[in-house]
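For reference, the structure discussed in these notes is given below.
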């Protein structure tokens, strides 16, 4: 038995990505008719309308995966039938996060997206403040063979190469 999934747009903000002009106007008209709150900034959204939900672009993919939300096709908006992908919030799983200063300079938007996941509402992510605390957390998790939490380190390409030496 196949069940049809339905998205409820009443209580969420929707960002309409770059779509073909004719399709975009139809999608916006459909969302307006349904009185859906649309936002210009993808950072403020919980759902994103893109041409291909399986390839929404790096920033939307990060936003949806970290915060949770749905990446939706124009077809779904227009007809109620079509592809969409819904993500469970990654911040529901305990994680330790370290963002290097070099990474933050090289990728400021991505650093803001990922770093913003720490300390929000139901987030179970904690920020490691120094490289020393990162190294200690990795060593202790290996020693404890911890399965229930992970360490995420976002570093620049240069730092990545240095760590291999």
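Among 99, 63, which is modelled with pLDDT under 95, surrounded by 12 or more Cβ atoms within 10 Å (Cβ to Cβ) and over 13 Å from the mean Cα position of the chain (by Cα)?
99
From the list 113, 105, 109, which one is in the same structural domain as residue 132 (by TED's automatic domain parsing) and touching a residue at least 60 places away in the same chain (Cβ under 8 Å)?
Result: 113 is the single residue among 113, 105, 109 that is in the same structural domain as residue 132 (by TED's automatic domain parsing) and touching a residue at least 60 places away in the same chain (Cβ under 8 Å).
Please work out if residue 45 is in contact (Cβ under 8 Å) with a residue 12 or more places away in the chain, crowded, with 16+ Cβ neighbours inside 10 Å and under 30 Å from residue 25 (Cα atoms).
For residue 45, the condition - in contact (Cβ under 8 Å) with a residue 12 or more places away in the chain, crowded, with 16+ Cβ neighbours inside 10 Å and under 30 Å from residue 25 (Cα atoms) - is met.
Take segment 108-130 and flag every residue that is out of contact with any helix residue (DSSP H, G or I) (no Cβ under 9 Å at 6 or more places or on another chain) and either within 15 Å of residue 62 (Cα to Cα) or in a helix (DSSP H, G or I) (or both).
Residue satisfying the conditions is 108 alone.
Here are 62, 98: which of them is part of a helix (DSSP H, G or I), under 30 Å from residue 158 (Cα atoms) and either touching a helix residue (DSSP H, G or I) at 6+ places or on another chain (Cβ under 8 Å) or not assigned by TED's automatic domain parsing to the domain that holds residue 137 (or both)?
62
Being assigned to a loop (DSSP other than H, G, I, E, B) and surrounded by 15 or more Cβ atoms within 10 Å (Cβ to Cβ) is the filter here; which residues of segment 26-38 pass it?
Within segment 26-38, just 36 meets the criteria.
Return the pair list, or none, for Cβ contacts closer than 8 Å from residues in segment 71-85 that are in contact (Cβ under 8 Å) with a residue 40 or more places away in the chain and assigned by TED's automatic domain parsing to the domain that holds residue 50 to residues that are in a helix (DSSP H, G or I) and buried (at least 22 other Cβ atoms within 10 Å of the Cβ), at least 6 apart or on different chains.
Matching pairs, first to second residue: 74/27; 77/27; 78/27.
The values are calculated or read from the model by the stated rules, or taken from the named source; none is laboratory data. In this text the structure is predicted, and so the values were computed from the model without any measurement. Neighbour counts run over all protein chains shown; Cβ positions are idealised from the backbone, glycine included.
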